[in-house]
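Okay, so here's the structure we're looking at.
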Amino acid sequence: MSVREGGPAPRLAVTTLGCKVNQYESAFFLQEAMAAGWQPVAPPVADVVVINSCTVTARADRQVRQLLRQLGRRHPPPRLVVTGCYAQRAAGELVGFPGVQAVLGNAAKAAWPELLLKLREAGAPWQQVPDMAACRHFQPMPIGDFPGHARAFVKIQDGCDQGCAYCIVPQVRGSERSLPRDKVLAQLQALVHQGFLELVLTGINLCRYGRDLGDSLAGLCSSLKETSWPARVRLSSLEPVDITPALLTVLADWPGFCPHFHLPLQSGSDEVLRAMGRPYRASWFAELVWDLAHRFPAAAIGLDVMVGFPTETAAAYEQTRELVARLPIAYVHVFPFSPRPGTPAARLAAVAGQREVAQRARDLRTLAAEKKRAFYQRQVGKVVPVLAEGARPGPPGWLTGLTGNYVRVQWPGPKTRAKRLVQVRLERSTGTCLVGNPIS
């Protein structure tokens, strides 16, 4: 379909897979498209569908391909644009799918306003996938709103130099680079003016924020701590070795900080950690978690754990399970190992079969559910501010939201607008959420 000047507004949909950074960048896509006269719609009626892809696992790749096939079977089919990390890694695999008009790499995302002009006209499929190794500076994609969300994500850092043996991210996201502090503060202030009461700082390796600029995450948080904004601030995933004493000192007495730490452990076996290229030992990681629990008694501490890394024996898995069992954590995200093309781990022979790895994942998820239930039960009886996100799916008259320490809460009462903080007494746990009553 060709959309010419003077005709109906072209219709665009954006589908996002993967991390908070992708979600932020998708908000930028929609904002710039609307400014250029495009109409945001759902995929079934779109003229152009943008798929912002992930490639961190083979499952993420499959989701992208399945979505392309589903959209390609529609009549008439929309024109498809694939961007994101899968597009960066394997553009040639994607450009041949029916309906794909463009494949855009991660370094092309900031040029989206100009690319929209090219997308107004149908044409031969094309690719724009710059080499991420040449991307040395943060490419700003400022947004003035985060529609459809009660919490606003803000991308302040991109890239990773860590080079873990299993991880494709450094290849598809490039080297570490940061948004200057003054621009971060300006964007956050704009979102506060839009009524957001929670700001989520996110990046590919967030703890490394500012190191390319002579700055630091501690320095940025110190500046945020000095503002009079009503919004609270949450940090997304933090690499454990980059959590500095200076950062913890800033966070410890900051009322606006959401006490929530998400840490990639990956394994509780020192041998597996060495093979992964993770720069710490299991005992050091345990000391960090206990220190965080001591400094921030209300905090939710969550972990990423990988099972089935090629060198993980049954004994190594048991070391991981035992470590997770004794740590004071709130939840665990469990990921079976997924070989990524071009990474050192993809060349390793696995010592455990797929069935055994699947059993380990089930076993660890059962333990994770027990940890979550216990953490939720410890919250019962507290009165806490909850950020209202809107109506709960299901019967009318119930609302849902998040506490500062990342607990899902549901409560009955009159409909309230999203992005409002409500004082709620937490009265019981269902195991997957807390049920409470608002305090008038």
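Residue by residue, here is whether (1) among the basic types (K, R); (2) in a loop (DSSP other than H, G, I, E, B); (3) under 21 Å from V56 (Cβ atoms); (4) outside the structural domain of W38 (by TED's automatic domain parsing) holds:
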| position | (1), (2), (3), (4) |
| --- | --- |
| K109 | yes, no, yes, no |
| E114 | no, no, no, no |
| E121 | no, yes, no, no |
| I143 | no, yes, no, yes |
Just a yes or no: is a residue in the stretch 150-157 among the basic types (K, R) and assigned by TED's automatic domain parsing to the domain that holds D182?
yes
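Among the listed residues A374, A361, A352, A368, which satisfies the condition of being surrounded by 14 or more Cβ atoms within 10 Å (Cβ to Cβ), free of Cβ contacts under 8 Å to residues at least 12 places away in the same chain, in the same structural domain as M276 (by TED's automatic domain parsing) and not acidic (D, E)?
Values: A361 fails: free of Cβ contacts under 8 Å to residues at least 12 places away in the same chain; A352 fails: free of Cβ contacts under 8 Å to residues at least 12 places away in the same chain; A368 fails: free of Cβ contacts under 8 Å to residues at least 12 places away in the same chain.
Of A374, A361, A352, A368, the one residue that is surrounded by 14 or more Cβ atoms within 10 Å (Cβ to Cβ), free of Cβ contacts under 8 Å to residues at least 12 places away in the same chain, in the same structural domain as M276 (by TED's automatic domain parsing) and not acidic (D, E) is A374.
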For the stretch 1-98, give me every one of the helices (runs of 4 or more DSSP H) that falls completely inside it and has 2 or more residues that are outside the structural domain of G148 (by TED's automatic domain parsing), closer than 16 Å to L119 by Cα and among the small types (G, A, S).
20-35
Within the stretch 97-145, take every residue that is aromatic (F, W, Y) and without any contact (Cβ under 8 Å) to a residue 40 or more places away in the chain and give me the one that is surrounded by the most Cβ atoms within 10 Å (Cβ to Cβ).
F97
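Could you identify the single residue in L238, L224 that is in contact (Cβ under 8 Å) with a residue 12 or more places away in the chain, assigned to a loop (DSSP other than H, G, I, E, B) and of a type outside the set (F, W, Y)?
Numbers: L224 fails: assigned to a loop (DSSP other than H, G, I, E, B).
Just one listed residue meets the conditions, L238.
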Among (1) over 22 Å from the mean Cα position of the chain (by Cα); (2) in a helix (DSSP H, G or I), where does P230 come up short?
(2)
Give me the pairs: first residue in the stretch 181-192 and in the same structural domain as R211 (by TED's automatic domain parsing), second residue charged (D, E, K, R) and at pLDDT 95 or above, beta-carbon distance under 9 Å, and six or more apart or on different chains, which are they?
R181/D215
Residue within the stretch 293-314 that is closer than 17 Å to A352 by Cα, loosely packed, with under 15 Cβ neighbours inside 10 Å, modelled with pLDDT of 95 or more and out of contact with any helix residue (DSSP H, G or I) (no Cβ under 9 Å at 6 or more places or on another chain) present:
no
Only one of (1) touching a strand residue (DSSP E or B) at 6+ places or on another chain (Cβ under 6 Å); (2) outside the structural domain of G72 (by TED's automatic domain parsing); (3) at pLDDT below 95 is not met by W126, so which one is it?
(2)
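Based on what the data block shows, is L387 among the aliphatic types (A, V, I, L, M), outside the structural domain of A299 (by TED's automatic domain parsing) and under 30 Å from L426 (Cβ atoms)? Quick ask: steps written out before the conclusion?
Numbers: among the aliphatic types (A, V, I, L, M): yes; outside the structural domain of A299 (by TED's automatic domain parsing): yes; under 30 Å from L426 (Cβ atoms): yes.
Yes: the conditions hold for L387.
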Tell me which residues, restricted to the stretch 194-219, are touching a Ser or Thr at 6+ places or on another chain (Cβ under 9 Å), within 24 Å of L387 (Cα to Cα) and not β-branched (V, I, T).
L201, G203, L206
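The values are calculated or read from the model by the stated rules, or taken from the named source; none is laboratory data. If you're wondering where the values come from, they're calculated on a predicted model, not measured in any experiment. We place every Cβ from the backbone using ideal geometry, glycine too, and count neighbours over all the protein chains shown.
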